[in-house]
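The values are calculated or read from the model by the stated rules, or taken from the named source; none is laboratory data. Please read these numbers as outputs of a predicted model, since none were measured by experiment. FYI the Cβ positions are ideal-geometry reconstructions off the backbone, even for glycines, and counts take in every protein chain you see.
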Amino acid sequence: MTIEDLKAYQDMKRTVRELEERLQMVYEASPKPNENPGGRSSVRTSSDPTAAKANNAIEIQAELEAVLARLRKKTNDVIQFSLRIDDPEAGAIIRLHYIDGLSWKQAGLRLYGDTDAGDLCRMRIKRFFRNS
């Protein structure tokens, strides 16, 4: 595994969040049943907005499920990698930053008890991959 693999893993997690947000927006933008803006009579046309939103939600949900399946496998790969490496400290940093999603500063605080240790964590991972 390379640092590029870990960055791709983070990108996959971002994609999941974006798809979840898009899906939520579809649900929030859905009109309520019997909602009739402006008091005009509603006539159904062939371009039913509810059906279009439902189809959109189905497509987003399918894409989300596919990305989540890949993310679960990749998460397992990253965890196994972090547990197999010879440097337990680097493994802990990988789990905190890449899997748990903590910032470098938060990982430094969690691991060393110091927010100023964020740069130490980042540089430790850079060195680990450069020397691997």
Quick count over the range 72-114, residues being surrounded by 18 or more Cβ atoms within 10 Å (Cβ to Cβ) and touching a His at 6+ places or on another chain (Cβ under 8 Å), is 2
Scanning the range 86-108 for residues that are over 23 Å from Lys13 (Cα atoms) and either at pLDDT 95 or above or part of a helix (DSSP H, G or I) (or both) gives Pro88, Glu89
Log entry, pairs with first residue in the range 1-21 being outside any helix (DSSP H, G or I), second being surrounded by 12 or more Cβ atoms within 10 Å (Cβ to Cβ), beta carbons closer than 8 Å, six or more apart or on different chains, reads Met1/Asp77; Met1/Val78; Met1/Phe81; Thr2/Phe129
Expected output for the range 97-114 (first residue outside the structural domain of Leu6 (by TED's automatic domain parsing), partner of a type in the set (Phe, Trp, Tyr), Cβ below 7 Å, 6+ apart or cross-chain) is His97/Trp104; Tyr98/Tyr9
